[in-house]
Amino acid sequence: MPEAIRLAQSFIEALPHSRALGMTVEALGEGRADLSMPYDARLVGDPATGVIHGGAISALMDTASGAAVMCHASAPASTATLDLRIDYFRSATPGQRIVARAECYHVTRSVAFVRVTAWDEDAARPVAAATGAFTLERRAP
Amino acid sequence: MSSTRPEPVQVIKQRRDAALEALVAGVPYIQWLGIRFDRRGDELTAILPFDEKLIGNPALPALHGGATAAFLEVAAVIELAWAGMWGEMEAAGTAPAAAAARLHLPKTIDFTVDYLRAGLPRDAYARARINRSGRRYASVHVEAWQDNRARLFAQGTGHFLMPEAAGQHEA
């Protein structure tokens with residue numbers, strides 16, 4: 001496993017909020033990260049329907065985005081979200097896990113640009129998508 | 001002109017606090033994050049008491065960007081629902097039941113979070129301002145701070161789809 005990807009995996013697994021939400025790394029590649037989050041009754045936003053709150057899906061997409069930055073070929077030392085714009089397409093189906101796939105598609109010396117999409121078990125209809133700008137802390141040469 | 005005497009202050013406070021409770025208490029995710037609301041008249045302040053599970057970067061440590069985003073979005077959604085149920089509640093003179101209160105919850109269309117500085121491991125506060133609220137759509141801005149009201153650590157803007165069922169009551 002390349003060093004950058006090993007780093008990204010430990011980066012995610014060390015985040016208490018991500019752990020509390022039950023996030024799991026599904027796949028990592030160069031500038032890419034797939035993270036999943038199981039359905040959990042504690043994360044419900046509408047008790048009448050059992051639909052997961054959008055905020056929990058935002059947290060998953062934010063974490064996947066940060067992981068994609070950490071997996072970039074430049075092997076950043078760390079990253080933080082500068083801004084994230086989330087579009088909500090539909091309610092996630094109750095009982096289904098959510099998967100977010102993030103791609104860090106451009107970096108400058110100090111900024112990384114990311115797009116991310118989230119699905120439930122219906123891979124044909126995304127639940128939400130987001131784009132973000134992240135800080136890029138490069139390693140000392 | 002009505003000659004009825006003003007309601008006793010305790011009756012008013014009890015109704016408004018009960019209505020806010022009806023809106024917030026039954027939402028599991030709000031409870032899980034630990035978000036509470038402080039009310040002064042119709043003004044709400046959302047409070048996110050610090051908790052270890054909100055931490056993103058344990059090295060700094062700093063609040064998780066996702067927890068911050070969720071906090072801002074909850075503050076915006078509750079502000080909109082609260083504003084939507086206020087008139088009805090005051091006219092009826094009673095707090096709605098939880099299920100009726102939640103009919104006022106809008107759906108988020110999009111939400112943009114601007115992270116201004118790291119969220120410190122301590123309590124956070126947020127206030128939302130409704131910039132535009134129409135029959136179908138609303139635009140809401142939220143500001144969040146920790147120690148100093150003037151030093152925001154995050155702000156957000158969201159667009160929301162207003163609930164049709166609740167809108168019909170407000171003719």
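The values are calculated or read from the model by the stated rules, or taken from the named source; none is laboratory data. Just so it is clear, the model here is predicted, and its values are computed rather than measured. Cβ placement follows ideal geometry from the backbone for every residue including glycine, while neighbour counts extend to all protein chains displayed. Heavy atoms of the whole protein, side chains included, go into the accessibility calculation; ligands, DNA and RNA do not. Shrake-Rupley method; radii C 1.70, N 1.55, O 1.52, S 1.80 Å.
A few comments on the model shown:
- Matching option when the condition is more than 26 Å from residue B:164 (Cβ to Cβ), aliphatic (A, V, I, L, M), in contact with a strand residue (DSSP E or B) (Cβ under 9 Å, 6 or more places away or on another chain) and more than 14 Å from chain A (Cβ to nearest Cβ), among B:47, B:12: B:47
- Boolean, residue A:123 is under 22 Å from residue A:27 (Cα atoms) and part of a strand (DSSP E or B): no
- Any chance residue A:78 is of a type outside the set (D, E, K, R), free of Cβ contacts under 8 Å to residues at least 12 places away in the same chain and either on the phi < 0 side of the Ramachandran plot or open to solvent by 60 Å² or more (accessible area, probe 1.4 Å) (or both): no
- Pair list, Cβ under 8 Å, 6 or more apart: segment A:17-28 residue more than 19 Å from residue B:53 (Cβ to Cβ), other residue open to solvent by less than 40 Å² (accessible area, probe 1.4 Å) and of a type in the set (Lys, Arg): none
- Enumeration of residues in segment B:51-80 that are farther than 16 Å from residue A:19 by Cβ, out of contact with any Phe, Trp or Tyr (no Cβ under 9 Å at 6 or more places or on another chain) and open to solvent by less than 10 Å² (accessible area, probe 1.4 Å): B:71
- Within segment B:20-36, residues that are closer than 14 Å to residue A:50 by Cα have Cβ atoms under 7 Å from residues that are open to solvent by 30 Å² or more (accessible area, probe 1.4 Å) and modelled with pLDDT under 95 in these pairs: B:26/A:47; B:26/B:98; B:26/B:102; B:27/A:47; B:28/A:47, counting only partners at least 6 apart in sequence or on another chain.
- Where helices (runs of 4 or more DSSP H) sit wholly within segment B:59-171, those with at least 3 residues that are within 19 Å of the chain's Cα centre (by Cα) and farther than 21 Å from residue A:129 by Cβ occupy B:65-92, B:98-102.
- Residues that are part of a helix (DSSP H, G or I) and within 7 Å of chain B (Cβ to nearest Cβ), drawn from segment A:8-17: A:16, A:17
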